[in-house]
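Colleague: The structure that follows is given in the form of structure tokens.
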Amino acid sequence: MVQISKWKVIFVLAICGLGILLASPNVVSPEKVHTIPSWLPNKQMNLGLDLRGGAHLLIEAKVDEALKEGLQSLRQGARSSLRRSPSIGYTGLGLIRNGITVTVRNEKDRTETRRRLLELGNEMLLERNENTYTLRFTDTQLRERRANILEQAMTILGLRIDPDGVKEATLQRQGADRILLQVPGADPERLKKLIGQTAKMTFHLVDPEISTLDPRRRVRPGTMVLKSKDEVDAAGQPVYYLVKKRVEVSGENLVDSQPTVEQGRPVVSFRFDPIGARRFGNTTKRNVDKPFAIVLDKEVISAPVIREPILGGNGIISGNFTTESARDLALLLRSGALPVPLTVIEERSVGPTLGTDNINAGKIASIFGLIAVAVFMVLVYGGFGAMAVVALALNLILIAAGLSLLQATLTLPGIAGIVLTIGMAVDANVLVFERIREEQRAGRTPISAVDAGYSRALTTIIDANLTTFIAALLLYMFGSGPVKGFAVTLAIGLCTSMFSALMVTRLMVVAWLRKRRPQVLPL
């Protein structure tokens, strides 16, 4: 253990230098970070909502609209099922509060009607009053559907707001149809833009006619007039496309979308799953030299002409995109369409005043904790304790570097995790130093005692830190918000403390042994 190869020395020094370099942007103000050259590390730790403020939004989910759309799909399914050969004559196919109703003309079709409706509405309640059938959800099923719609909306919101899971965004359900969203350091306007778009994308064929006339004008059956999202005519009026209602390919078949650059302009690339790729390929093969509209939330974002069949399942969305808008669109498509429209009903900005007090309190706690640990280590272990204190200071720098590199969010509980790490970071050194003491008392030489101390303490150190790391991992997996912040800093602190104790401190001890060659260790 006292023989350290040259490559290990270079590795330790490189990690320490890289850590100092990555952590250095945190010593300057956020305003001056932008002056750092792009080829140098310029990322700071993200501060949580409780430390620097942020956006606080209360969102209402229009669950009733989603339920109504589901019932309309159910009615369309019933119409198709009853018209299937052999067709069943019916009248009065309509919606009720929690289901559909239909009247069968001939009594002889009762049995077949019942079978088809039960096949359509699996587990739904089917009632009959003479020749009239009612297919409806029970109250329990309605509650479950409402809850599932809200949960799905929260999941998609989380993917949109925090796709990497490091911003510590808080999403909480409030009541039957409301969601509380808190995002530290976020721009409320950009959040509302991400929230407000349902992001339901579909692909339609376009009639050759492009009109800037009143969009409320009558059109032939099977077509609809949709406004272009960005295009205007020479007079500055919006351009309207006459689009066929039939959906050729649905955005539900998208599996990936990324912002990219084509011919120097920001665009969005997308990729379909096998089913979507087949439909997309067949459609483009049959409609070469015809315009193909890409519709997002009932607005045409692009209507390129199909130049050749696109058979690979990949495509490009071009338009009047900026780099940020292309990134946002790719994020919206990648996270999926919201199952329900969302409306922001309350907006608040959390000020950073309390956060400043918390940061100052965290700094004071960290400084006092560091001083107390340093004094204890020097008094108990002398020069070896001073080496451990140097490694501890480096450990804090590496934690800051890890948080900056991962762009993880530091919250008030995260500061508590750092303070806890200060105490835990010397545990490994204490175990090693006590083992070295025991070996020296047993009559070993200094070099042999150090070698045995590190060798025999290694298993205990790994076991202690591994079990704590598993606990931190579980906290991160099953916790939320502040709990995740605590888990992140604790996990990073465990990794850096293992490195500083087993590598940095040992390197300093070995260097001291080789230089001084003492007869007795000062322990």
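The values are calculated or read from the model by the stated rules, or taken from the named source; none is laboratory data. Remember, predicted model here, so these are calculated numbers, not experimental data. Positions of Cβ are generated from backbone atoms using ideal geometry, with glycine treated the same way; all protein chains shown enter the neighbour counts. Heavy atoms of the whole protein, side chains included, go into the accessibility calculation; ligands, DNA and RNA do not. Shrake-Rupley method; radii C 1.70, N 1.55, O 1.52, S 1.80 Å.
Colleague: Can you give the Rg and Dmax of the chain based on its C-alpha atoms, in angstrom?
Modeller: Radius of gyration, then largest Cα-Cα span, for the chain: 32.3, 108 Å.
Colleague: How large, in Å, is region 9-149 by the Kirkwood hydrodynamic radius built from its alpha-carbon pairs?
Modeller: Details: mean 1/r = 0.0483 Å⁻¹.
It is 20.7 Å.
Colleague: Output wanted: per-residue J couplings in Hz (rounded whole) for region 397-403, from phi through Karplus 6.51 cos²θ - 1.76 cosθ + 1.60, θ = phi - 60°, x for Gly and Pro.
Modeller: 5, 5, 4, 4, 5, x, 5
Colleague: Further question on the same structure: Tell me the label-point distance for the pair His34, Glu69, using the 7 Å Cα-to-Cβ offset, in nm and rounded to one decimal.
Modeller: Result: 3.9 nm between the two label points.
Colleague: Then there is this: What angle, in degrees between 0 and 90 and rounded to the nearest 10, separates the Cα long axis of helix 110-120 from the longest principal axis of the Cα atoms of the chain?
Modeller: Taking Cα atoms only, the helix is inclined about 30 degrees.
Colleague: Moving on to the next point. To the nearest 500 deg cm²/dmol, what mean residue ellipticity at 222 nm is calculated for the chain from DSSP H runs of n ≥ 4 alone, each contributing -39,500 (n - 2.57), summed and divided by the residues?
Modeller: Dividing the helical sum by the residues of the chain leaves -17000 deg cm²/dmol.
Colleague: What's the angle, to the nearest 10 degrees (0 to 90), between helix 6-23's Cα axis and the longest principal axis of the chain?
Modeller: Long axis of 6-23 versus the principal axis of the chain: about 60 degrees.
Colleague: Checking the table Lys43/Lys484; Lys193/Lys290; Lys193/Lys227 against a 30 Å threshold on Cα-Cα, which pairs fail?
Modeller: Beyond 30 Å between Cα atoms: Lys193/Lys290.
Colleague: Using a 1.4 angstrom probe on heavy atoms only, work out the carbon and sulfur share of the accessible area of the chain in %.
Modeller: The value for the chain is 56 percent carbon and sulfur by accessible area.
Colleague: Taking R0 as 56 Å, what's the FRET efficiency between Arg514 and Val261 from their Cβ-Cβ distance, rounded to 0.05?
Modeller: 0.55
Colleague: Once both axes come from the Cα atoms, what is the angle between helix 139-161 and the longest principal axis of the chain, in degrees from 0 to 90, rounded to 10?
Modeller: 60
Colleague: So, one more: With viscosity set to 0.692 mPa s and temperature to 37 °C, compute the Stokes-Einstein D of region 55-117, Rh being the Kirkwood radius across alpha carbon pairs; µm²/s, no decimals.
Modeller: Values: Rh = 13.5 Å.
Value of D from the Cα-based Kirkwood radius: 244 µm²/s.
Colleague: Run through region 359-427 and list the chymotrypsin sites (Phe, Trp or Tyr not before Pro) located in a DSSP loop whose Cβ has at most 11 other Cβ atoms within 10 Å.
Modeller: none
Colleague: Determine the per residue accessible area of the chain with all protein chains present and a 1.4 angstrom probe, expressed in square angstrom.
Modeller: Dividing the accessible area of the chain by its residue count gives 53 Å².
Colleague: Taking the Cβ-Cβ separation of Gln237 and Val288 as r and a Förster radius of 41 Å, what is the calculated FRET efficiency to the nearest 0.05? Could the numbers behind the result be given before it?
Modeller: Numbers: r = 31 Å, r/R0 = 0.75.
Efficiency, rounded to the nearest 0.05: 0.85.
Colleague: While we're here: Which order, highest average first, do 284-295, 227-238, 388-399, 303-314 follow once you tally other Cβ atoms within 10 Å for each residue and take the mean per peptide?
Modeller: On the way: 284-295: 16.8, 227-238: 12.6, 388-399: 22.2, 303-314: 14.2.
Going from most to least packed, we get 388-399, 284-295, 303-314, 227-238.
Colleague: By how many nm would the segment from Glu438 to Thr140 grow when fully extended, if each residue of separation counts as 0.36 nm and the alpha-carbon distance is taken off?
Modeller: Result: 100.5 nm gained on full extension.
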